[in-house]
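Presented below is the structure to which this report refers.
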Amino acid sequence: MPLVATLVQGLADDVAESRGRPLQPVPALGPGVVMDQLTVMVQDHCAAFDPTRPGTRVTDVASELSGIRRAL
């Protein structure tokens, strides 16, 4: 699940930067939890950025999620 963990960290970094907070590592809690972390971070990311505005990272996230789905 390294692809998922990398995406989760990237989303966490984006949200922290948008809120002016320092970057912090997302805890590695294992494969049983990483999908829950992904769910939470996607929700936080969509709340921090307008998903309907073209050119935002949200469109990149959708593409990354599709790639992960194909890889699984």
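In the stretch 17-46, the qualifying residues are those that are open to solvent by 80 Å² or more (accessible area, probe 1.4 Å) and outside any loop (DSSP other than H, G, I, E, B), and the one that is farthest from Pro2 (Cα to Cα) is Glu17.
So, in the stretch 47-58, exactly how many residues are farther than 22 Å from Leu72 by Cα and in a helix (DSSP H, G or I)? Final tally of qualifying residues: 3.
Every residue, every condition in (1) polar (S, T, N, Q); (2) over 11 Å from the mean Cα position of the chain (by Cα), yes or no:
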residue	(1), (2)
Val4	no, no
Gly10	no, no
Gly20	no, yes
Val26	no, no
Leu29	no, yes
Gln37	yes, no
Val40	no, no
Ala47	no, yes
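When Ala62 is tested against (1) among the aliphatic types (A, V, I, L, M); (2) in contact with a helix residue (DSSP H, G or I) (Cβ under 8 Å, 6 or more places away or on another chain); (3) surrounded by 10 or more Cβ atoms within 10 Å (Cβ to Cβ), exactly one condition is not met: (2).
The values are calculated or read from the model by the stated rules, or taken from the named source; none is laboratory data. Please read these numbers as outputs of a predicted model, since none were measured by experiment. Because the Cβ atoms are built from the backbone with ideal geometry, glycine has one as well, and the counts that use them run over all protein chains shown. Accessible surface areas use protein heavy atoms only, side chains included; no ligands, DNA or RNA. Shrake-Rupley method; radii C 1.70, N 1.55, O 1.52, S 1.80 Å.
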